[in-house]
1. Quick one: which helices (runs of 4 or more DSSP H) sit completely within the stretch A:8-99 and have at least 2 residues that are more than 14 Å from chain B (Cβ to nearest Cβ), open to solvent by less than 20 Å² (accessible area, probe 1.4 Å) and more than 17 Å from residue A:178 (Cβ to Cβ)?
2. Among the residues of the stretch B:2-25, write down those that are among the charged types (D, E, K, R), in a loop (DSSP other than H, G, I, E, B) and closer than 19 Å to residue B:47 by Cα.
3. Mind telling me which of the residues A:149, A:163, A:128, A:224 ends up being closer than 29 Å to residue A:273 by Cβ and either of a type in the set (S, T, N, Q) or not in a strand (DSSP E or B) (or both)?
4. Looking at (1) in contact (Cβ under 8 Å) with a residue 24 or more places away in the chain; (2) out of contact with any Leu (no Cβ under 6 Å at 6 or more places or on another chain); (3) of a type outside the set (Lys, Arg); (4) more than 30 Å from residue A:45 (Cα to Cα), which is the one condition that is false for residue A:165?
5. Could you tell me which numbered condition residue A:509 fails, if it satisfies all but one of (1) under 29 Å from residue B:30 (Cα atoms); (2) more than 14 Å from chain B (Cβ to nearest Cβ); (3) not acidic (Asp, Glu)?
6. Output the number of residues of the stretch A:432-455 satisfying the condition of being touching a strand residue (DSSP E or B) at 6+ places or on another chain (Cβ under 8 Å) and either open to solvent by 10 Å² or more (accessible area, probe 1.4 Å) or within 23 Å of residue A:26 (Cα to Cα) (or both).
7. List, please: which pairs have Cβ atoms under 6 Å, are six or more places apart or on different chains, and start with a residue in the stretch B:35-54 that is within 9 Å of chain A (Cβ to nearest Cβ) and end with one that is outside any helix (DSSP H, G or I) and surrounded by 21 or more Cβ atoms within 10 Å (Cβ to Cβ)?
8. How about the stretch A:166-192: which of its residues are of a type in the set (Val, Ile, Thr) and either out of contact with any His (no Cβ under 9 Å at 6 or more places or on another chain) or part of a helix (DSSP H, G or I) (or both)?
Amino acid sequence: MFGAGGGTSAYVEAEHADLLILWGSNARETHPIFFHHVLRGLGTGARMYSVDPRRTSTAQWADGWLGLDVGTDIALANAIGREIIHAGLVNEAFVRGVTSGFEDHRATVEPYTLERASGITRVPAELISELAHAYARADRAQICWTLGITEHHNAADHVFALINLALLTGHVGRYGSGLVPLRGQNNVQGGGDMGAIPAKLPGGYDLGDDVARARFETGWGAPISPTPGMHLSQMFEAMAPTPKETPTGTPTATRRLRALYCIGENPAESEANATHARHLLEGLDHLVVQDIFRTATADTADVVLPAAADWCEYEGTVTNSERRVQRVRKAIDPPGQARPDTHIICAIADRLGQSWGEPTAEQVWDELRSLSLDRHHGMSYARLVEHGGLQWPCPSLDHPGTPLLHARLWETGAARGPAAPFTPVEHVPPADALTSEYPIRLTTVRVLDAYNSGVQTGGYASPMRRREAPRMDAADAAALGIADGDRVRVTSRRGSVEAPVAFDPALRPGLASFTPHFCEQVDVNVLTNDAWDPKSGTSEFKATAVRIDPAATTHGDLASAQPVAGR
Amino acid sequence: MDLRLSSATPSAHERAAVDAALDGLLGAQYDDHFVDAGHLARGRRHLLLPALHAVSDAVGWISEGALNHVARRLCVPPADAYRGGHVLCHVLNRAAAAAGRARL
């Protein structure tokens, strides 16, 4: 945000905030380290609101729960903004001195009255007003979010809606006040920082930044295109055959992407609309999978490269959601032929006629430091150890790191830097509409002791582990003649799965949930929608329209059993 | 508050006794979907006493299912509610013994 792809605050600030809003985030289970800081804050009097369609284990700690309908977050945020404006609670000095675009934002939120927003979100108007006043009046307040905000077809607009609230109130750039995106995985921040975002160079530089790009070209001894590459959703679109007329008039089909090198990703199970995704993967001319286990994706590959589990079998770094880079140390040797990812990549480069050798993890890191001058230059391995990790930006070896980002917004004169823009956004409902044929909203959720498609967590037992089941409201089930534990068929516009159902009081009528963790039991992403956000590339995992019926059959899952790594 | 409840459920009689005692004190009827939480809920553990007392008066003892219902309504971990129930039973037993009545 404001030009930096990272959260504004250090985790510890949650302990000293007056108000915490966890929006689309069940941090109690999915960010347990951060939530320990939240608990400390609650212990010293901080108030917490949970904005979530489910009454999660996070909401069980909250002073207020805004149980909105899935995908109505922007309407809710705009109504909160409107209420803040109408109540005279805008931080006028901050808005006037630091931001731009306020009048457009005011005009956009004006139609979102409490009553209208309540009608869209199904959150009581008085609760929306209560949160607006609590947020605007707090001395120090944070908005923290996770995948409940970012897995929508308009994910970036969801984020802008929350940023707008922080700009209205000045809750950004000050200790205890901030915008905290809690990432969907432990090293999402690090992956993005290292250049895994197609429009970015390592260190967060835009590809269009000529100065930065020239530095990387010099360092790497190769030209770099200023045109962004494809993100994951675009890659899958490019795998699909595109009809094309030949000079002879004979129709044919071409695919813009015909070979894929897949490292540490299991798209055969983790992609939305998985049946379609598998079909595209199977249509590739060549698929290389590099992973720590034989995943479902590896099962369709032409070549499988066994990789070490770098978090314990090799050295490196990890960057968490407070932008803190930490050392990762080798504890055990990798099994069999497994090798560290960097060694495999360098060996391939050598076979392609380059001469990359086999650099150590520290040598790779130091190369990054030599190019990412603003964020990482001051983060030597020795300093990372000495300080227990450092938060970027850390531009020099005597720099202490930056726990609090965008403090410049509270400076005066030139030190304040460019204005922080409001980005007016409108509510747009989920792409997968509810109808009489598909009347129930299915949302994907995560649990404490499992991870993504289960590649890394399926191999060990957990006392909390439960069989995967569609979870739904007991009253909804009763109306359908379904008892707890009955086998049901869940059908979306893309496919169907069968599994025993479980009732869950955290889910209101009309809402159901699945986890994505146990695809060998329930092939969840056969159901989900691959509509994706043009700004972020994220698919709309959070909002699928489904029908739930008693299953006619009593035998095993209809979904084909996918091979699952580690099990 | 983290609530890890067992699968035990209260009888209709136990549930009615707890709800009758707490509805007025909490100012709301029980709704499975909307259990209270937050500072307000964490500040009324003292209501364990009337809730557990109500169960004890109604059925003569405190079952695991009843304890779960009390824990859920008051947003108190069942281990803490159990500890409260243990103390309450001890006090009630002493009171009953002093009055020459049957022990719980």
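1. Working: elements: A:27-30, A:32-43, A:73-86, A:92-98.
Passing ranges, in order: A:73-86.
2. B:2 - this is the single residue of the stretch B:2-25 that is among the charged types (D, E, K, R), in a loop (DSSP other than H, G, I, E, B) and closer than 19 Å to residue B:47 by Cα.
3. On inspection, the qualifying residue turns out to be A:149.
4. The failed condition is (4).
5. Unmet condition: (2).
6. Our first condition is that a residue be touching a strand residue (DSSP E or B) at 6+ places or on another chain (Cβ under 8 Å); within the stretch A:432-455, this holds for A:432-435, A:437-445, A:455.
From what is left, the residues that are either open to solvent by 10 Å² or more (accessible area, probe 1.4 Å) or within 23 Å of residue A:26 (Cα to Cα) (or both) are A:433-435, A:437-445, A:455.
Residues flagged as touching a strand residue (DSSP E or B) at 6+ places or on another chain (Cβ under 8 Å) and either open to solvent by 10 Å² or more (accessible area, probe 1.4 Å) or within 23 Å of residue A:26 (Cα to Cα) (or both) within the stretch A:432-455 amount to 13.
7. Matching pairs, first to second residue: B:37/A:62; B:38/A:62; B:38/A:63; B:39/A:63.
8. A:169, A:180, A:188
The values are calculated or read from the model by the stated rules, or taken from the named source; none is laboratory data. Note that this is a predicted model, so its numbers are computed, not measured. So basically every Cβ, Gly included, is an ideal-geometry build from the backbone, and we count neighbours across all protein chains shown. Quick note on the areas: whole protein, heavy atoms, side chains included, nothing else; ligands and nucleic acids left out. Shrake-Rupley method; radii C 1.70, N 1.55, O 1.52, S 1.80 Å.
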